[in-house]
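Colleague: Below is a structure I'd like to ask you about.
The values are calculated or read from the model by the stated rules, or taken from the named source; none is laboratory data. Note that the structure is predicted; figures quoted are calculated from it, not measured. When we count neighbours, we look across all protein chains shown, and the Cβ atoms used for this are built from the backbone with ideal geometry, even at glycine.
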Amino acid sequence: MPEGNDAVRFECQKCGACCRRQQLLITLNGRDIVRIARALGLESDNMLKIVDFMILPQGATRPEGLLGTPSAETERGPAVLALKKMRGGDCAFLENSLCLIHAARPSVCRSFPFVFRRDSEGTYWGLSAQKEICPGLDHGPEVEERQLSSLAAAVLDDMDAYAEFVNEWNEGEPSPTAQKLIAAILMDSRFRD
Ligand code: SF4
Ligand code: SF4
């Protein structure tokens, strides 16, 4: 991940390219799932229909974009949760280049093309490995450090809450299933705004 203090210009062109990219996984954390469920008025059974459970093979090297994404145990193995895509790679919530769940869109959609990480030394931002598809880069005004800091804090706080939940889930749930996982996420007070 490029880390930075370099100036970057960005203004979203609302082209929807990031919503159509097959290789871009729209990963979900606990707060994403709760926000979408609320926005659509869905219970856990119906949420299961819009979530993909990406099972990572044991011992496989994780793609760089998934390094900070926790895997939750399911009946098929540890899974990264993501929004379902249509055949061809379009997000299931994209219609006429518009997002049908814009106000409740997941963290990765809010932050693209930026990515963030935090360690004991501080918080770092970089650009997505898929940045070349984004015509918003090099357009508009320079992004201010405080804008990135505020976005990073929101994204990383959501991820921290999910990582804490997943640790407890993986250690404490004796018979994990995808269905129970979604139900537990929807019940967890950490994920309520
Ligand atoms: S690809 Fe870039 S410019 Fe296009 S919608 Fe996504 S963030 Fe905006
Ligand atoms: S949730 Fe909305 S913003 Fe995110 S990929 Fe789907 S259509 Fe695009």
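Colleague: Which residue, of 116, 165, is in contact with a helix residue (DSSP H, G or I) (Cβ under 7 Å, 6 or more places away or on another chain), hydrophobic (A, V, I, L, M, F, W, C), within 30 Å of residue 42 (Cβ to Cβ) and at pLDDT below 95? Before the answer, list the steps.
Modeller: Values: 165 fails: at pLDDT below 95.
Going through 116, 165 in turn, just one is in contact with a helix residue (DSSP H, G or I) (Cβ under 7 Å, 6 or more places away or on another chain), hydrophobic (A, V, I, L, M, F, W, C), within 30 Å of residue 42 (Cβ to Cβ) and at pLDDT below 95: 116.
Colleague: Output the number of residues of segment 3-47 satisfying the condition of being on the phi > 0 side of the Ramachandran plot and touching a residue at least 12 places away in the same chain (Cβ under 8 Å).
Modeller: Initially, segment 3-47 is screened for residues on the phi > 0 side of the Ramachandran plot, giving 14, 16, 41.
In the following step, the residues that additionally are touching a residue at least 12 places away in the same chain (Cβ under 8 Å) were identified as 14, 16.
Residues in segment 3-47 being on the phi > 0 side of the Ramachandran plot and touching a residue at least 12 places away in the same chain (Cβ under 8 Å): 2 in total.
Colleague: Further question: Would you check if residue 98 is surrounded by fewer than 19 Cβ atoms within 10 Å (Cβ to Cβ), within 12 Å of ligand 2 (Cβ to nearest atom) and at pLDDT below 95? Full working, then the answer.
Modeller: Details: surrounded by fewer than 19 Cβ atoms within 10 Å (Cβ to Cβ): yes; within 12 Å of ligand 2 (Cβ to nearest atom): yes; at pLDDT below 95: yes.
So residue 98 passes the test.
Colleague: Specify the residue that is modelled with the lowest pLDDT; the eligible residues are those in segment 19-42 that are farther than 24 Å from residue 163 by Cβ and either near ligand 2 (Cβ under 10 Å from one of its atoms) or buried (at least 23 other Cβ atoms within 10 Å of the Cβ) (or both).
Modeller: The qualifying residue modelled with the lowest pLDDT is 21.
Colleague: Any chance segment 140-149 includes a residue that's of a type outside the set (Lys, Arg) and crowded, with 20+ Cβ neighbours inside 10 Å?
Modeller: To start, the set of residues in segment 140-149 that are of a type outside the set (Lys, Arg) comprises 140-145, 147-149.
Of the ones still in play, those that are also crowded, with 20+ Cβ neighbours inside 10 Å are none.
Looking for residues that are of a type outside the set (Lys, Arg) and crowded, with 20+ Cβ neighbours inside 10 Å, one finds none in segment 140-149, hence no.
Here is a yes/no grid of residues against (1) within 14 Å of ligand 2 (Cβ to nearest atom); (2) in contact with a strand residue (DSSP E or B) (Cβ under 8 Å, 6 or more places away or on another chain):
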{"residue": "59", "(1), (2)": "no, no"}
{"residue": "66", "(1), (2)": "no, yes"}
{"residue": "111", "(1), (2)": "yes, no"}
{"residue": "132", "(1), (2)": "no, no"}
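Colleague: Could you check segment 158-193 and list, in sequence order, the residues that are under 17 Å from the mean Cα position of the chain (by Cα), surrounded by fewer than 19 Cβ atoms within 10 Å (Cβ to Cβ) and in contact (Cβ under 8 Å) with a residue 60 or more places away in the chain?
Modeller: 161, 163, 186, 190, 192, 193
Colleague: Next question. Does segment 70-103 hold any residues that are hydroxyl-bearing (Ser, Thr, Tyr) and within 14 Å of ligand 1 (Cβ to nearest atom), and which are they? It would help to see each step written out before you state the result.
Modeller: The first filter runs over segment 70-103 and keeps only residues hydroxyl-bearing (Ser, Thr, Tyr), leaving 71, 74, 97.
Within segment 70-103, 97 is the sole residue that qualifies.
Colleague: While we're on this one: Being more than 14 Å from ligand 1 (Cβ to nearest atom) and outside any loop (DSSP other than H, G, I, E, B) is the filter; apply it to segment 131-146 and report the residue that is nearest to residue 7 (Cα to Cα).
Modeller: Kept after step one, since they are more than 14 Å from ligand 1 (Cβ to nearest atom), are these residues of segment 131-146: 141-142, 144-146.
Now narrow it down to the ones that are outside any loop (DSSP other than H, G, I, E, B): 141-142, 145-146.
On the way: 141: 10, 142: 6, 145: 9, 146: 12 Å.
Only one residue fits best here, namely 142.
Colleague: Follow-up question, since we're still on this one. Please list, ordered by first then second residue, the pairs with beta carbon atoms under 8 Å, 6 or more apart or interchain, first in segment 134-148 and within 14 Å of residue 113 (Cβ to Cβ), second small (Gly, Ala, Ser) and loosely packed, with under 13 Cβ neighbours inside 10 Å.
Modeller: Close Cβ pairs satisfying both conditions: 143/7.
Colleague: Still on this structure, please answer the following. Could you give every pair whose Cβ atoms fall below 7 Å, whose first residue belongs to segment 107-125 and is within 16 Å of ligand 1 (Cβ to nearest atom), and whose second residue is basic (Lys, Arg), counting only separations of at least 6 or pairs across chains?
Modeller: 113/131
Colleague: Another question, if that's okay. Please work out if residue 67 is out of contact with any Ser or Thr (no Cβ under 6 Å at 6 or more places or on another chain) and within 16 Å of ligand 1 (Cβ to nearest atom).
Modeller: Spelling it out, it is not the case that residue 67 is out of contact with any Ser or Thr (no Cβ under 6 Å at 6 or more places or on another chain) and within 16 Å of ligand 1 (Cβ to nearest atom).
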